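The values are calculated or read from the model by the stated rules, or taken from the named source; none is laboratory data. All values reported here derive from a predicted model rather than from experimental measurement. Cβ sites come from the backbone with ideal geometry, for glycine too, and all protein chains shown count toward neighbours. Heads up: the accessible areas ignore ligands, DNA and RNA and are worked out on the full protein's heavy atoms, side chains in. Shrake-Rupley method; radii C 1.70, N 1.55, O 1.52, S 1.80 Å.
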Amino acid sequence: MEPIKIKIHSTGKYVPEKKVSNDDLSKWMDTSHEWIYKRTGIVTRHLSEGEDTSDLCIKASRNVLEGRSIDPEDIGLIIVATMTPDGQSPSVASKVQAAIKATNAMAFDLNAACSGFVYALSTAEKMLRHMHLPYALVLGGEVMSKAIDWSDRKTAVLFGDGAGGVLLKKSEEDEQFLTEDLHANGNKGYALTSGEKKVSNPLVDTQEASGFLTMDGREIFNFVTKSIPKSINKVLTDNDTSIEEVDYVLLHQANARIIEIVAKKLGCSIDKFPMNIQTYGNTSAASLPILIDELAKDNKLFIDKKQKIILSAFGGGLTWGTLLLEIN
Ligand code: ACO
């Protein structure tokens with residue numbers, strides 16, 4: 001029997017309407033456009049005016065399915081990568097399942113912080129191969145603005161809200177998922193924390209943790225600029241591919257300086273590293289699917305020829321991972 005092959009069938013995204021500039025932020029806190037832009041490349045970010053993560057993900061899902069004549073009952077799996085779910089239960093994925101009437105789909109959230117979409121895509125690709133239904137919906141969605149301490153200028157200026165996703169399909173054509181390299185280093189988990197809750201019950205008298213996002217920016221910067229070039233080189237070597245054969249390297253949009261350093265370490269032009277961090281800031285698990293959808297709608301991806309692309313992300317956990325795909 002022919003092995004089952006998996007391809008990306010369609011893409012979509014949704015970001016909240018409200019655009020907030022660096023100058024707007026400097027009215028709320030002691031910061032400036034110059035500091036934010038020079039350190040990160042961010043100019044604006046979209047912030048939710050009340051929509052929660054499931055609202056963004058439902059709208060992104062509808063965008064993924066739009067004009068595709070897909071019967072939602074043919075979707076067997078929905079994974080939402082998020083570190084900012086609406087709550088602990090029901091999952092965001094369950095809310096999406098109900099909203100789009102994917103009545104046959106199993107649904108769950110996956111948390112690997114900013115690496116979430118890469119982890120979720122890797123998980124879904126493997127699960128779909130063993131399912132009888134033809135489609136899996138993989139989303140990354142975040143309302144980072146609810147996790148942030150708005151009095152902490154070191155983190156508040158970095159993040160934005162949004163959601164994006166792809167529909168995977170079993171295919172008769174060539175396999176799109178070529179190689180992967182996924183990791184975690186829990187020993188450095190302290191470098192990014194969010195949503196911490198202490199045990200509190202009649203037996204223990206506990207002081208509540210603030211739960212706000214904390215980040216040791218330097219620690220993450222150093223970890224990323226070492227681990228990500230290594231991870232990208234690993235998938236290239238494993239697939240006997242050179243960086244010259246790769247059309248685009250899509251990196252998690254956390255900081256333009258990080259992307260420039262990774263490009264330099266790989267010895268390739270920054271033109272291979274599309275960026276939209278200037279518009280959206282760091283949207284955590286949503287950053288890669290938003291970027292993929294923008295490039296697709298710009299006719300730079302999923303065009304009438306085969307393209308090799310790398311997806312690479314890093315974040316809390318610490319977690320990181322890289323996928324090498326050949327798409328068309
Ligand atoms: N506006 C103005 N000044 C500021 C601001 C601000 N928003 N934030 C910090 N500063 C000041 C600091 O107080 C400090 O001043 P001091 O020297 O007088 O003490 C100075 O600027 C330098 O601060 P640093 O924190 O040392 O700045 P750094 O150069 O390290 O840049 C940054 C910070 C942009 C966060 C960088 O470290 C970075 O990008 N790290 C990587 C973060 C990342 O990629 N995270 C991704 C994972 S996120 C996830 O998984 C959800």
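Checking each residue in the range 295-316 for being part of a loop (DSSP other than H, G, I, E, B) and either away from the ligand (no atom under 16 Å from the Cβ) or open to solvent by 40 Å² or more (accessible area, probe 1.4 Å) (or both) picks out Asp298, Asn299, Lys300, Leu301, Phe302, Ile303, Asp304, Lys305, Lys306. Applying the set (1) open to solvent by less than 20 Å² (accessible area, probe 1.4 Å); (2) away from the ligand (no atom under 14 Å from the Cβ); (3) under 21 Å from the mean Cα position of the chain (by Cα); (4) aliphatic (A, V, I, L, M) to Leu236 leaves exactly one unmet item: (3). Name the single residue, out of those in the range 146-172 being of a type in the set (Gly, Ala, Ser) and open to solvent by less than 40 Å² (accessible area, probe 1.4 Å), that is farthest from the ligand (Cβ to nearest atom). Ranking the qualifying residues of the range 146-172, first place goes to Ser171.
Please work out which residue is surrounded by the fewest Cβ atoms within 10 Å (Cβ to Cβ), limiting yourself to the range 27-41 and to residues that are under 16 Å from Trp150 (Cβ atoms) and more than 8 Å from the ligand (Cβ to nearest atom).
The extreme case among them is Lys27.
The residues of the range 173-204 that are under 19 Å from the mean Cα position of the chain (by Cα), of a type in the set (D, E, K, R) and open to solvent by 60 Å² or more (accessible area, probe 1.4 Å) amount to a single one, Glu180. Across the range 42-59, the qualifying residues are those that are under 18 Å from the mean Cα position of the chain (by Cα) and either more than 14 Å from Glu17 (Cβ to Cβ) or modelled with pLDDT under 95 (or both), and the one among them that is surrounded by the most Cβ atoms within 10 Å (Cβ to Cβ) is Cys57. Looking across the range 48-84, the residues that are assigned to a loop (DSSP other than H, G, I, E, B) and in contact (Cβ under 8 Å) with a residue 60 or more places away in the chain come down to Ser48, Glu51, Asp52, Arg68, Ile70, Thr82, Met83, Thr84. When Lys188, Lys198 are checked against the criterion of being at pLDDT 85 or above and part of a loop (DSSP other than H, G, I, E, B), Lys198 stands alone in meeting it. Kindly establish whether His130 is within 16 Å of the ligand (Cβ to nearest atom) and not aromatic (Phe, Trp, Tyr). The answer is no for His130.
Within the range 274-294, the set of residues being crowded, with 19+ Cβ neighbours inside 10 Å and of a type outside the set (Ser, Thr, Tyr) comprises Pro274, Ile277, Gly281, Asn282, Ala285, Ala286, Leu288, Pro289, Ile290, Leu291, Ile292, Asp293. Is it fair to say Val118 is touching a Cys at 6+ places or on another chain (Cβ under 7 Å), β-branched (Val, Ile, Thr) and either surrounded by fewer than 17 Cβ atoms within 10 Å (Cβ to Cβ) or not assigned by TED's automatic domain parsing to the domain that holds Leu288 (or both)? No; evaluated as a whole, the condition is false for this residue.
Looking at the range 71-86 only, could you name the residues that are more than 16 Å from the ligand (Cβ to nearest atom) and open to solvent by less than 30 Å² (accessible area, probe 1.4 Å)? Within the range 71-86, Ile75, Gly76, Leu77, Ile78, Ile79 meet the criteria. The condition of being within 16 Å of the ligand (Cβ to nearest atom) and either surrounded by 15 or more Cβ atoms within 10 Å (Cβ to Cβ) or more than 28 Å from Lys13 (Cα to Cα) (or both) holds for only one of Val138, Val143, that being Val143.
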